[in-house]
Each structure stands twice: as structure tokens, then as C-alpha cells.
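One structure is given here, and the rest of the page talks about it.
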Amino acid sequence: MTPAEIERLGERAEAMLEELAAISEDADRLTRRFLTPEHRRAAHLVGQWMAEAGMAVSEDQLATVRGHYARAGGTDGANRVPRLLIGSHIDTVINAGKYDGMFGVVAGILAVEHFRDADKRFDFAIDVLAFGDEEGSRFPTVLSSSAALAGNFEQRWLAGTDADGVALATAMRDYGLDPDAAGGAALTPEEALAYVEVHIEQGPVLEHQGAPLGIVTSIAGQFRTRVAVRGMAGHAGTVPMTLRRDALVAASEMVVAAEAIAKAHPEAAMVATVGTLKVMPGAANVVPDGVDFVLDLRAASDAPRHAALATFMARCEEIAAARGCTVGFDTYHDCPTAACAPWLQEGLAASLERLGLPAPRLVSGAGHDGQSMSKLTDFAMLFVRCRDGISHNPLEFAATTDMGLAVAALIGFIAAFDPKQRPA
Ligand code: GLV
Ligand code: MN
Ligand code: MN
């Protein structure tokens, strides 16, 4: 592939990302959460692109848009055919950048389009997947669409509600899906040869190394734990400081404790974040009697992550007791560290080498659909350098040339993909 062709792929990607970014729940920023009307519009657009690139398009029981590129030798329908899965997500965080997730979907579409234009088919089919619930920014589920595809959808998720009290089951019905049929989204291990995802790095490592692309070795494990602190409401003017059972002050100490616990484990690349916190009853002149917050805790390996959560919970119990409050926990997301398959990493490295690029390896601190897909099949990820490592922020940026190189690397990987190299 010539530099001009690579640049052109990057420009196509940029234009498609721009078009997707215009589909937002909010007028002045990009927010597109799972099963919203904007998710529907984005899914429709992605489906159109898939069809134009020569794929048969369908939508599964968890709203994942699937573009199917048939294998050599004619039509194979969409069922029971071994396929290489390529995907990412089209939902976003609140006030998002336009690359996170979307670029992986666009890269898959452009790669298939390349083969269609060259009249090239393989012994295996290719499915490009646009997942809808990777960020977990609406319901208390994370990665539910890829979990369903991997055969691990949990019925209890259907009762989880968003901030407006809408249950996942209701939102699915409103979207035109049948919640009772969620299990039908699953592929069998025989159908899935491997899952490969292209994604912006969302961190600064590649930029520091001067490398446009990198190969992920594993994805850090993650907890999301809802913490409910309860105290006693009172008059802000009359209850003396010594007699208060202020749930917010207790919660504040807990947030600081989480930070200290994570900071004590740099060897495990541990990070703790409280990014959402609800204060009740929520009035300026009332001592808060309730706080609900979510701890997002991650580490590069599972044992220290589990130990840190136990330490955090014990500290919270101490803090609550000392302030006459109570505390309860609900860990609704526990995703183990997922290792990328060495044979797929090598396939990606060989493709980078053919492009004359270095192939640095790195761990992903961000969560990805590969974590659920790892329960179905081997998976790998190609990371793309992003400016200043910024992500989950409208300042997120990846250069056109780097995106072009990523699509070219994916094309090279697919062209050389040999399922027989998979270790038995
Ligand atoms: C998803 O982007 C996550 O890592 O939270
Ligand atoms: Mn993402
Ligand atoms: Mn994200």
C-alpha cells in the first residue's frame, strides 16, 4: 500500500468519525448512550456503511450491528460459518471524544471495503461488530452487548435502571428488542475464529515512544462497586458539628481512602476513581443523610485488585462507624484481567513490520469489549497513538496518518490471517 493510499484511508476514517460524532443526545457535546434514539441513528448509519462495503447487515438481540462479509465460494448466510470478528463500540461516555470505540468500527468497515474492492474473499467469513454498551454510561451494566455475543448475558441485568428509573428491559423494548431473547445473541466457539479490535490508546505511552501503533498484551481487570452511605438528615443551622451523622463527609473520607489505597500499589498499576456521586436529599441547608457513589477500581493483575477492594470496604466500615453512619456495597461489575492471545499479537506484529513500523507492546488500562470476547475466543488489540494521551474528553485526537496506518495494519493482518495457526 502506498503512503497516499494509507493517507486516503485515514481521511476516510476521519470523515466517517465526524459524521458519527454529529449524532449526539446533547446539542453542544458528544453523548450517545446505549439504546437511546441517537444510538439507533448511529447504528443505522453504521449499518448503511457496512452494506455499502459489501456486507450483509443484521442487528442482534443486544443491538449490536453486525456486518457479515461472506467467505470465498458464494453465499454462506450468517449462521454457523467460522468467522474472524472485528469490532468495537458506538456508545460513548458523557461529553466524549469522537475516536473512542467508533474508530475500531470504522477501521473494520474500511478493511472489508478494501477486500471487496479487490474482489478478495477468504476461507473464513468476516463479521464487523458495532457494540452498543461498552462504556456502561447509562445502565449499571458494562460490556453487555459483547457479553451477550460471547454467550454470557446475565438475566439480572435486565432489571438495572438508568438515572431516570428506566429499566434495561424497558429500554430494550422501546428500541425494538425482545429482552427475553437476549441469550439469542450468542455465537458458538466454533463460529468465532478470533476477535480483533483497533482502538485509540487513550493513554500517553505510544506518543512517548514515538510509535504510531502498538500491540496490547492484556487489559487490566476492573471492579465497579456502588457504595451507599447512610446518615441522618438535619438542619444545617441547628445541629452542632459534634452531633452530626453527615453521610457526605463520611463519603468524602471514603473517596480519599480509595485514592490512598490505589496510590499504595503502583507495582500493580492500580487506579481508583469516583466519577459519580449523588447527595441526598440534596439541599443547601440540610445535612446530607445519604450518598451513593461508584468506585471504579482497576489493576494490571487480579489478586491485588481483589485485596484492594477488601481493604477499601474495611476502611469504609471504619469511617462510617466513626461518624454514626452505615455503608453498603454492590459490586455490579467484576471483569478479570484479560490476556491477548500471543498468536494474534504476533500476527499484528508481522503486519506492522511489513509496514516498516515498530511494534511496541503495552497493557491497556482502559476496559474494552475484548474482555467479554475473551470468554468466547482468542482476542487481540491494536492501539493507535493519541494526542497527549487524552480520552473520555472532547479533546481526544488521533492523527489521520496514524489512523490510515492502523487500517492498513488491520488489512495486512486479515490478509495473512490463518486460523490454523491457533494453538490447539
Ligand atoms: C471504558 O472506556 C472504560 O475503560 O471504562
Ligand atoms: Mn472504548
Ligand atoms: Mn471509553
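The values are calculated or read from the model by the stated rules, or taken from the named source; none is laboratory data. Predicted model only: the values in this text are computed from it and were never measured. Please note: Cβ atoms are built from the backbone with ideal geometry, for glycine as well, and neighbour counts cover all protein chains shown. Keep in mind that these areas ignore ligands, DNA and RNA; they rest on the heavy atoms of the full protein, side chains included. Shrake-Rupley method; radii C 1.70, N 1.55, O 1.52, S 1.80 Å.
Select from the stretch 126-151 the residues that are in a loop (DSSP other than H, G, I, E, B) and either among the aliphatic types (A, V, I, L, M) or within 16 Å of ligand 2 (Cβ to nearest atom) (or both) and list them in ascending order. Matches in the stretch 126-151: Gly132, Asp133, Glu134, Glu135, Gly136, Ser137, Arg138, Thr141, Val142, Leu143, Ala150.
Being farther than 30 Å from Val279 by Cα, away from ligand 1 (no atom under 16 Å from the Cβ) and small (Gly, Ala, Ser) is a description that applies to Ala194.
Conditions (1) assigned to a helix (DSSP H, G or I); (2) outside the structural domain of Val227 (by TED's automatic domain parsing); (3) at positive phi; (4) open to solvent by 60 Å² or more (accessible area, probe 1.4 Å), marked per residue:
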residue: Glu318; (1), (2), (3), (4): yes, no, no, yes
residue: Gln345; (1), (2), (3), (4): yes, yes, no, no
residue: His368; (1), (2), (3), (4): no, yes, no, no
residue: Leu395; (1), (2), (3), (4): no, yes, no, yes
residue: Val407; (1), (2), (3), (4): yes, yes, no, no
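Restricting the first member to the stretch 361-373 and to residues that are without any contact (Cβ under 8 Å) to a residue 12 or more places away in the chain, and the second to residues that are within 13 Å of ligand 3 (Cβ to nearest atom), no beta-carbon pair is closer than 7 Å while six or more apart or on different chains. Residue pairs whose Cβ atoms lie under 7 Å apart, sitting 6 or more positions apart in sequence or on different chains, and linking a residue in the stretch 85-105 that is in the same structural domain as Glu135 (by TED's automatic domain parsing) and under 17 Å from Asp402 (Cβ atoms) to a partner that is within 11 Å of ligand 3 (Cβ to nearest atom) and among the aliphatic types (A, V, I, L, M), are Tyr99/Ile200; Asp100/Ile200; Phe103/Ile200.
Residues are listed down the side, and each one gets a yes or a no for (1) polar (S, T, N, Q); (2) in contact (Cβ under 8 Å) with a residue 12 or more places away in the chain; (3) closer than 29 Å to Phe397 by Cβ:
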site	(1), (2), (3)
Ala148	no, yes, no
Asn152	yes, yes, no
Ala181	no, yes, no
Val198	no, yes, yes
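Looking only at the stretch 263-285, decide whether some residue is more than 21 Å from Phe383 (Cβ to Cβ), of a type in the set (Val, Ile, Thr), out of contact with any strand residue (DSSP E or B) (no Cβ under 8 Å at 6 or more places or on another chain) and more than 16 Å from ligand 2 (Cβ to nearest atom). No: the stretch 263-285 contains no residue that is more than 21 Å from Phe383 (Cβ to Cβ), of a type in the set (Val, Ile, Thr), out of contact with any strand residue (DSSP E or B) (no Cβ under 8 Å at 6 or more places or on another chain) and more than 16 Å from ligand 2 (Cβ to nearest atom). Of the candidates Ala258, Ala283, the single residue that is modelled with pLDDT of 95 or more and within 26 Å of Gly136 (Cβ to Cβ) is Ala258. Applying a threshold of 9 Å to beta carbon distances and a minimum spacing of six or more residues, or different chains, the list of pairs starting in the stretch 1-20 at a residue that is in contact (Cβ under 8 Å) with a residue 60 or more places away in the chain and ending at one that is charged (D, E, K, R) and in a helix (DSSP H, G or I) reads Gly10/Asp402; Arg12/Glu113. Every residue in the stretch 229-264 that is within 26 Å of Ala303 (Cβ to Cβ) and open to solvent by 40 Å² or more (accessible area, probe 1.4 Å), please. Passing the criteria: Val255, Val256, Glu259, Ala260, Lys263, Ala264. Leu35 fulfils the conditions (1) under 25 Å from Phe413 (Cβ atoms); (2) crowded, with 18+ Cβ neighbours inside 10 Å except for a single criterion, (1). Among the residues of the stretch 96-148, just one is open to solvent by 10 Å² or more (accessible area, probe 1.4 Å) and among the β-branched types (Val, Ile, Thr), namely Val142. Quick check on my filter: what residues within the stretch 197-228 are open to solvent by 10 Å² or more (accessible area, probe 1.4 Å), more than 12 Å from ligand 1 (Cβ to nearest atom) and in a strand (DSSP E or B)? If the condition is that a residue be open to solvent by 10 Å² or more (accessible area, probe 1.4 Å), more than 12 Å from ligand 1 (Cβ to nearest atom) and in a strand (DSSP E or B), then Thr217, Ser218, Arg226, Ala228 are the ones that fit. All of (1) in contact (Cβ under 8 Å) with a residue 24 or more places away in the chain; (2) in a loop (DSSP other than H, G, I, E, B) hold for Phe293 with one exception: (2).
Only one of these is farther than 30 Å from Thr401 by Cβ, away from ligand 2 (no atom under 16 Å from the Cβ) and of a type outside the set (Gly, Ala, Ser): Asp117, Asp60. Name it. Full working, then the answer.
Values: Asp117 fails: farther than 30 Å from Thr401 by Cβ.
Every option except Asp60 fails the conditions.
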